[in-house]
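To start, the structure itself, in structure tokens.
What follows draws every value from the coordinates through simple rules; no lab data is involved. Worth saying up front: this structure is predicted, and the values here are computed from it rather than measured. Note: ideal-geometry Cβ built from the backbone for every residue, glycine included; neighbour counts use all protein chains shown.
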Amino acid sequence: IAGITQAPTSQILAAGRRMTLRCTQDMRHNAMYWYRQDLGLGLRLIHYSNTAGTTGKGEVPDGYSVSRANTDDFPLTLASAVPSQTSVYFCASSEGLDTDTQYFGPGTRLTVL
Amino acid sequence: GQNIDQPTEMTATEGAIVQINCTYQTSGFNGLFWYQQHAGEAPTFLSYNVLDGLEEKGRFSSFLSRSKGYSYLLLKELQMKDSASYLCAVILGDYKLSFGAGTTVTVRA
């Protein structure tokens, strides 16, 4: 693989269920990010990680958690999904957490009913 | 919160020029990105400006004025494949990215 992959591509989920969105990059980038994209609101940062073993909160972290056990993987977990979490989720990575260009995965379309 | 404004939609004719403006009022500034996003796809990098002035890259150019909190993306010789959303994103003082809502450009034959 080359770049960033996300899984699943799309998912329909019942409210209250737990869900983990997967993200893997093979570029050995230090920094990784999770965004959600909603119509009219643009991309909003949920959580980020500037290196393996560390994570931080973005603009809209409530209801989401992340972990960064190694450089390549950055899963996003919804502990108990709610309908307002219906969105398109993008994972991204960059060499560093500064002015480096971010590269985006193909996205996961999540619908919570 | 951050304030990054860009027009919602623009329409232009194939072969024409379109200028997408972006104004920002943010907590700190460490540079500005433009990304292109085709419907149903991931955003892809177009340009990066950190100093005032014009950066030209083929048919696309990006301009920045830090004193005015203003940038524009110029698309020349429009092609049908340029129909997409164009996202303005500011690197904040803490080095996180803050995105505008995006401008959807429709190119007509």
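Along the positive direction of the dipole of the range B:4-80 (beta-carbon charges: Lys, Arg +1; Asp, Glu -1; about the Cα centre), which of B:Phe63, B:Ala42, B:Met10 reaches farthest?
About the Cα centre, the residue reaching furthest to the positive side is B:Phe63.
How big is the charge dipole of chain B about its Cα centre, in debye rounded to the nearest 20, if each Lys and Arg gets +1 on its Cβ and each Asp and Glu gets -1 on its Cβ?
In total the dipole reaches around 60 debye.
Between A:Arg68 and residues 5 or more places away or on another chain, which pairs have amide H atoms under 5 Å apart, with H built 1.01 Å from N, and which residues are they?
A:Gly53
Mind listing the long-range amide H neighbours of B:Leu46? Cut-off is under 5 Å, sequence gap 5 or more, other chains count too, H placed in the peptide plane at 1.01 Å from N.
Under 5 Å from the amide H of B:Leu46: B:Trp34, B:Tyr35, B:Gln36.
Classify the range B:23-70 as rounded, prolate or oblate, taking a ≥ b ≥ c as the square roots of the eigenvalues of its Cα gyration tensor: rounded when a/c is under 1.5, otherwise prolate if a/b is larger than b/c and oblate if not.
Because a/c hits 1.5 or more and a/b fails to exceed b/c, the range B:23-70 counts as oblate.
Nearest 20 debye, what's the magnitude of the dipole of chain A about its Cα centre given +1 on Lys and Arg Cβ and -1 on Asp and Glu Cβ?
420
Ranked by Cβ crowding within 10 angstrom, fewest neighbours first, how are A:Cys91, B:Cys22 ordered?
Ranking A:Cys91, B:Cys22 by Cβ neighbours within 10 Å, fewest first, gives B:Cys22, A:Cys91.
Taking the dipole about the Cα centre of the protein assembly as shown, with the C-beta of Lys and Arg at +1 and of Asp and Glu at -1, give me whichever of A:Ser10, B:Phe33, A:Asn30 is farthest to the positive side.
Checking the options against the dipole of the protein assembly as shown, the answer is A:Ser10.
Looking only at A:Arg68, A:Arg18, A:Arg44, which one moves most when chain A is put into a Gaussian network model with springs between Cα atoms under 10 Å?
It is A:Arg18.
Using the charge dipole of the range A:1-87 (Lys, Arg: +1 at Cβ; Asp, Glu: -1 at Cβ; taken about the Cα centre), state which of A:Val66, A:Leu21, A:Ala79 has its Cα farthest towards the positive end.
Towards the positive end, the residue furthest out is A:Ala79.
Rg/Rh for the range B:11-109 to two decimals, with Rh computed the Kirkwood way over all alpha-carbon pairs.
Rg/Rh for the range B:11-109 comes to 0.97.
Out of all DSSP beta bridges with both ends in chain B, state the antiparallel percent to the nearest 5.
90
If you average 1/r across every pair of different Cα atoms in the protein assembly as shown and take the reciprocal, what Kirkwood value do you get, in Å?
17.9
Give, as a single signed number, the net charge of other residues whose beta carbon lies under 15 Å from the beta carbon of A:Gln85, with Lys and Arg counted +1 and Asp and Glu -1.
Taking every other residue near A:Gln85 into account, the sum is +2.
Cut-off is 10 Å between beta-carbons; in what order do A:Ser84, B:Ser67, B:Ser47 appear when sorted fewest neighbours first?
B:Ser67, A:Ser84, B:Ser47
Let me make sure I get this right: for chain A, a, b and c are the square roots of the gyration tensor eigenvalues over alpha carbons, sorted descending. Under 1.5 in a/c it's rounded, otherwise prolate if a/b > b/c, else oblate. Which is it?
The shape class here is prolate.
Using a simple charge model, +1 on the beta-carbon of Lys and Arg, -1 on the beta-carbon of Asp and Glu, nothing else, what dipole does the protein assembly as shown show about its Cα centre, in debye to the nearest 20?
440
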